[in-house]
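Reading through the structure tokens given below for one structure.
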Amino acid sequence: MIDVTNLTVKYKNLVAVDGISFAVNKGEIFGIIGPNGAGKTSTMECLEGLKKSAGGEVSVMGIDPMDRRKLYESIGVQLQEASFPDAIKVKELCRLFSSFYKNPADYRVLLARFGLADRENSFVKKLSGGQRQKISVVVALIANPQIVFLDELTTGLDPQARLDMWELVKSLRDEGRTILMTTHFMEEAEYLCDRVCLMVNSRIAAIGTVPELVAQAELSQKISFTAKNMDKGALAAIPGITHITEKNDGFDLYGNGRNLLRDVVVFMTEHNMDFEDLSCSKPGLEDVFLKLTGYRLEAAV
Amino acid sequence: MNAFLQMSMTEFRMALRNFIYMFFAFVFPPMMLLLFGGMYGNEPTAFYGGHGAVDVLTPAYIGMILAVSGIMGLPLQISEYRQHKILKRFKATPIHTGSIMLPHFIVNCLLSMIGTAILIVVGIGVFHLHFLGNVFPFLFAYFLSMACIFSIGFLIAAVAPNIRAASAIAYIIYFPMLFLSGATMPLQMLPKVMLTISKFIPLTYCVEILQGTWMGDPLSSFLKPILVTASIAVVCTGVSIKIFRWE
């Protein structure tokens, strides 16, 4: 659906995007994640035809994004920090955007789907933050787009509104649309995105599905439990365990393998080792990011 | 419906919801007319060159209404749209960029015409206002003044980095313009220094041609103010288009 080759974006002398390449497949949720200033929005705006690239090639459904009027008939965009006029009502905003397209979607159906049917006559500025973001998605969908661009959709929303938004985004994908989104929330990317692209310092640091990225980063699972009088040396014989730490009867075992947890449990049961409070944590995107950059994204934002 | 029409209608509705704008465009000028008309009446006096005060003040107040729409309405709307990335959002749709910008001009033009109509109706109803000129020269003066004032507003919108700056510039230009251009007080009341300052205020020339054509003087006697207003319109519009930023 989207092909990007060696895309470079510059602001005067500052390089915001430095020769990146990636492709987005039809019907997937593709997430660009990274700290502020990594080049996420610049990349997005190039694909949306709102910014000129300084180099490289971009194709959105075979269209050059600079051919804006053709492009905007088939994509829908939600812009970061964009709002709507203070004095406009929901209904007026929807009618206005409907007039922009040859075959607009029925905004009443969209409002109902987003739980805003009773808000038609409200001023947009009187809505809650979550409702306003939903309106911005409704407006993006009036275009009946095959591709939906969502830039920092859930930033500033409370946890419940964020969860609602996640389900809505999934439902958009499930009806066959392609979604390109940016976020700096790791859990959001893990939950929503079929594939993610980690951007750091204007470049792509890693790209793939979350399990692929975790595997590439060669991160270990951590299995923790407490046990009294445990012989640390004996645990080292468990297949797949590479590293063990012990502190006040608490043990952390690190290792890899699809059946690591089962192997640990089977081994300890067979050897009559008593243990309590068993838990297993799998490495996630946050750990991948930490390993690639040396710092935590949540701390950087 | 056609995007351009829908955009214009929506902008019009939104402008009507702006209380400050509506007050200064629709209420304030007739209020001034009632106030000063009430004081001086509309009988011919030597002070107003043998004309009635209301007959002289009305075309000047028309200039004031143009200044409200052009200097306060237009730039504040556009800078709000830019600061809140509404212009950018509209750009991310298939509509022509003209359909984004032109409605602002059309709506403010329409609002200033409505304000003018209200003023004239009040003048006729309360003070037996007289129009002593010819319709076409007056309309020429009216639309030329509008082009001049709106182009200044457009320039403010193009130069101001945000809403605060735009409103500061608009107010700084609007209020001195009101009192020193003859739009509220007759210029003959001003001392020499202030009269000199008024020569640097574009609205002064607009008021001069509006008043002159209202009183029936031929356009040929206003070559200098016509040239000044037309030049301002051309230069400000050109510069604004050149430096205008969408975000």
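We did not get these values from a lab; they are worked out from the coordinates using the rules stated. Please read all numbers here as calculations on a predicted model, not as lab measurements. No Cβ is skipped: glycine too gets one built from the backbone with ideal geometry, and neighbour counts run over all protein chains shown.
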Exercise for the section: Fewest Cβ neighbours within 10 Å first, please rank A:132, B:13 accordingly. Expected result: B:13, A:132
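Return one quarter of the surface area of the convex hull spanned by the alpha-carbon atoms of region A:1-103, equal to its mean projected area, in nm². Please list the in-between numbers first.
Working: hull surface 32.4 nm².
Dividing the Cα hull surface by four gives the mean projection, 8.1 nm².
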Exercise for the section: Along Cα→Cβ, 7 Å out, is where each label goes; now give me the distance between the ones at residue A:125 and residue A:243 in nm to one decimal. Expected result: 5.4 nm
Exercise for the section: Run through all the Cα pairs of chain B and give the fraction in each 10 Å bin from 0, expressed as whole percent. Expected result: 8, 31, 35, 19, 7, 1, 0
Fill in the blank from the handout: Straight-line reach check, residue A:228, cutoff 19 Å on alpha carbons, 8 or more apart in-chain or any other chain, hits among aspartates and glutamates -> A:246, A:249, A:252, A:270, A:274, A:276, A:277
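Among B:179, A:84, what is the fewest-to-most ranking by other Cβ atoms within 10 Å?
On the way: B:179 14, A:84 25.
With the fewest neighbours first, B:179, A:84 line up as B:179, A:84.
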Problem - Overall form of region A:61-107 per C-alpha gyration tensor (a/c, 1.5; a/b vs b/c) - result: oblate
Handout entry: R0 of 60 Å, Cβ-Cβ distance residue B:126-residue A:216: FRET efficiency to nearest 0.05
Key = 0.15
Exercise for the section: Write down the percent of antiparallel bridges among all DSSP beta bridges whose residues are both part of the protein assembly as shown, to the nearest 5. Expected result: 65 percent
Completion exercise
One finds the C-alpha centres of region B:82-130 and region A:253-301 to be spaced, in Å, by 64 Å
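Report the equivalent ellipsoid semi-axes for chain A in whole Å, largest first, defined as the square roots of five times the eigenvalues of the gyration tensor built from alpha carbon atoms. Display every interim value, and only then the final one.
On the way: eigenvalues 392, 109, 51 Å².
Square roots of five times the eigenvalues give 44, 23, 16 Å.
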Fill in the blank from the handout: Output field shielding_mean for A:77-87 (other chain Cβ, 10 Å radius) holds 6
Exercise for the section: Take every DSSP beta bridge with both residues inside chain A and express the antiparallel ones as a percent of the total, to the nearest 5. Expected result: 65 percent
Practice task
Give the share of C-alpha pairs in each 5 angstrom bin for region B:165-204, from 0 to the last occupied bin, in whole percents, shortest bins first.
Solution key: 6, 26, 31, 19, 11, 5, 2
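Just tell me how shielded A:93-102 is by partners: mean number of partner chain Cβ atoms within 10 Å of each residue's Cβ, no decimals.
5
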Problem - region A:156-301: equivalent-ellipsoid semi-axes (sqrt of 5 x gyration tensor eigenvalues, Cα, Å) - result: 36, 17, 15
Handout entry: region B:139-170 and region A:212-248: distance between their alpha carbon centers, rounded to Å
Key = 71 Å
Fill in the blank from the handout: Here the averaged projected area of region B:1-45, based on the convex hull of its alpha-carbon atoms and given in nm², is 4.8 nm²
Handout entry: Label-to-label distance, nm, for residues given as residue A:273 and residue A:203 (7 Å Cα→Cβ offset)
Key = 4.2 nm
Practice task
Under a cut-off of 16 Å between alpha-carbon atoms, report the lysines in cross-link reach of residue B:85, not counting same-chain residues fewer than 8 places apart.
Solution key: A:51, A:125
Completion exercise
The rounded separation in angstrom of the Cα centers of region A:67-101 and region B:172-234 is 42 Å
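Please list the equivalent ellipsoid semi-axes of region B:81-200, computed as the square roots of five times the alpha-carbon gyration tensor eigenvalues, in descending order and whole angstrom. Don't skip to the answer; put the middle values down first.
Numbers: eigenvalues 206, 95, 31 Å².
After scaling each eigenvalue by five and taking roots: 32, 22, 12 Å.
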Problem - Set of aspartates and glutamates with alpha-carbon distance to residue A:126 below 15 Å, sequence-local pairs under 8 removed - result: A:86, A:92, A:118
Exercise for the section: Quick one: compute the contact order of chain A, relative version, from alpha carbon pairs under 8 angstrom and 6+ residues apart, as a percent. Expected result: 20 percent
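Hydropathy first: keep DSSP H helices in chain B averaging at least 1.0 on Kyte-Doolittle, then drop any whose Cα extent along the axis falls short of 24 Å, and list what survives.
On the way: long enough: B:97-127 (45 Å, 1.93); B:135-159 (36 Å, 2.27); B:163-180 (25 Å, 1.71); B:223-243 (30 Å, 1.70).
Flagged H segments are B:97-127, B:135-159, B:163-180, B:223-243.
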Problem - Calculated P(r) tail over 17 Å for region A:71-188, as whole % of Cα pairs - result: 52 percent
Practice task
Over the alpha-carbon set of the protein assembly as shown, work out the extent along each principal axis and list the three values in angstrom, largest first.
Solution key: 118, 48, 44
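Please report A:262, A:203 as a ranked list, fewest other C-beta atoms within 10 angstrom at the top and most at the bottom. Walk me through the intermediate numbers first.
Details: A:262 10, A:203 15.
Least to most surrounded, the residues fall as A:262, A:203.
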Handout entry: Cross-link pairs beyond the 26 Å C-alpha cut-off, checked among A:247/A:291; A:222/A:247; A:26/A:170; A:134/B:242
Key = A:134/B:242
